[in-house]
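Undergrad: Pasting in a structure now, in structure tokens, and then I'll have a few things to ask.
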Amino acid sequence: MAYYGLLKNNILYPEGRKKPGEAGWIADHLLALRRDLAEQIKATRKPNSLILGSWNIRHFDGGRPRLRESFHYIAEIIDHFDICAVQEVKDIESVERLVKLLGSNWDFFINDSSGSGRGNHERMAFLYNRNRVSFRNLIGELVFPHDLLPGGEQIGRTPFFAAFQAGWFKFTLCSSHIVYEEADGRPLREDEIGAIARLLKSRAKDTEEVHIFLGDMNIDKVTDRSFQILLEEGYIAPLFGATNLTGDKTYDQITFTGPQDEARLLRYGAFDWRTSVFKPSEEAAYEATAMSIRERPDTGKPYGNWAREYPKWCTHEMSDHLPVWIEIEVDYSDEYLQAISDAQLTV
């Protein structure tokens, strides 16, 4: 369970519930988040299942510094997953701060910076609840032959993989943030998605283990070639719908390859946090806060039109992406025992 003890610190969080940053204000919004998350995820989850999430958290946290309360909201959402892949990590200390809010049962891994240029100095992270998921001591980054992509480029933001186990289910996650640019007159994302998908498919076949390819794939629509490649390679690819805040792009995906009988998908969805926190109706409440922090470090100037800027400002507090999640069955014990029992009928 996420840690709420800091909310009693009157220096960090003044008493009250009428204004952003006050202890009661944050507690009320956390309660609203918990109600929405329970309704969509927790209330109907199957016992002994795995909830796996993926979330591109905008410039986390290397742009305009987030408010202290935003970390609580992000932690609350991730705490409703058992494991979560996070893309667009900019600052390691911010991930450490987030994990402290998740509680002592959570742990994490972060890969190296992807460097400048198309890498945008980004990292990726896996955050996981040790009470639900165990790390299987395999972790790394995918590296490809130099002639695989146009111009001899590597994948812009190096895919990050790690092996885990939940219950009977052994799996490898590969997190990605696919570039959006074009090369040679066609989307480079098609090349990147295809290269990663084919390599993971080969590894899944060799190891007879489910590999999960997920993250911000920058896929505009599921009718695009970049999504169709996944289907052609035999991936299970749930349809999450739009995952950007304007509701017109299917950027974020969680897809599977490997033994079909082990990829037991139960449910899936995209969680819209805007019904609970940083709601459109709270624009005026946050105006004083926004005016005090301005737009730094971008311009240092006041917001010229707060009503227009508020939706964008909120993406710097939470994200410009919705988190996506799936529920997987991880307990096969009844079937295992039934197979043993059935075998005795021929003895």
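The values are calculated or read from the model by the stated rules, or taken from the named source; none is laboratory data. What you are looking at is a predicted structure, and each value in this text was computed from that prediction instead of being measured. Every residue, glycine among them, receives a Cβ derived from its backbone with ideal geometry; neighbour counts consider all protein chains shown.
Undergrad: Which residue is farthest from I57 (Cα to Cα), if the candidates are limited to the range 191-232 and must be buried (at least 19 other Cβ atoms within 10 Å of the Cβ) and of a type in the set (S, T, N, Q)?
TA: S226
Undergrad: So, in the range 8-57, how many residues would count as being of a type in the set (D, E) and under 22 Å from the mean Cα position of the chain (by Cα)?
TA: 2
Undergrad: Output the residues belonging to the range 233-287 that are closer than 18 Å to N218 by Cα, surrounded by fewer than 16 Cβ atoms within 10 Å (Cβ to Cβ) and either of a type in the set (V, I, T) or in contact with a Pro (Cβ under 9 Å, 6 or more places away or on another chain) (or both).
TA: Hit for the range 233-287 is T246, nothing else.
Undergrad: Also, quick follow-up: If you check every pair at least six apart or on different chains, which have Cβ atoms under 8 Å apart with a residue in the range 269-286 that is within 18 Å of W306 (Cβ to Cβ) first and a residue that is basic (K, R) and part of a helix (DSSP H, G or I) second?
TA: Note: pairs meeting the criteria are P280/R274.
Undergrad: Among the residues of the range 172-189, are any part of a helix (DSSP H, G or I) and under 16 Å from Q253 (Cβ atoms)?
TA: Yes, the conditions are met somewhere in the range 172-189.
Undergrad: If you check R274, R267, R308, R296, which single one turns out to be at pLDDT 95 or above and either part of a helix (DSSP H, G or I) or over 19 Å from the mean Cα position of the chain (by Cα) (or both)?
TA: After ruling out the rest, the residue left standing is R274.
Undergrad: If you scan the range 79-103, which residues turn out to be touching a residue at least 60 places away in the same chain (Cβ under 8 Å) and in a helix (DSSP H, G or I)?
TA: D79, K100, L101, L102
Undergrad: Let me ask another. Could you grab the pairs with beta carbons closer than 6 Å, sequence gap of 6+ or different chains, first residue in the range 4-20 and free of Cβ contacts under 8 Å to residues at least 60 places away in the same chain and hydroxyl-bearing (S, T, Y), second one part of a helix (DSSP H, G or I) and surrounded by 12 or more Cβ atoms within 10 Å (Cβ to Cβ)?
TA: That search, which allows pairs on different chains as well, returns Y13/L7; Y13/A23.
Undergrad: Mind checking which residues of the range 125-164 are surrounded by fewer than 16 Cβ atoms within 10 Å (Cβ to Cβ) and over 16 Å from L199 (Cα atoms)?
TA: Those that are surrounded by fewer than 16 Cβ atoms within 10 Å (Cβ to Cβ) and over 16 Å from L199 (Cα atoms): R130, N131, S134, R136, N137, L138, P150, G151, G152.
Undergrad: How about the range 151-168: which of its residues are within 29 Å of D331 (Cβ to Cβ) and at pLDDT below 95?
TA: Passing the criteria: G167, W168.
Undergrad: Then there's this: Would you mind finding the one in S54, S113 that is buried (at least 16 other Cβ atoms within 10 Å of the Cβ) and touching a residue at least 24 places away in the same chain (Cβ under 8 Å)?
TA: S54
Undergrad: Would you check if Y180 is of a type outside the set (K, R), farther than 27 Å from D331 by Cβ and surrounded by 15 or more Cβ atoms within 10 Å (Cβ to Cβ)?
TA: Considered against the rule, which asks whether it is of a type outside the set (K, R), farther than 27 Å from D331 by Cβ and surrounded by 15 or more Cβ atoms within 10 Å (Cβ to Cβ), Y180 comes out as yes.
Undergrad: Inspect the range 216-232 for any residue being part of a strand (DSSP E or B), among the aliphatic types (A, V, I, L, M) and modelled with pLDDT of 95 or more and give the result as yes or no.
TA: Within the range 216-232 (the criterion being part of a strand (DSSP E or B), among the aliphatic types (A, V, I, L, M) and modelled with pLDDT of 95 or more), the answer is no, since none of the residues qualifies.
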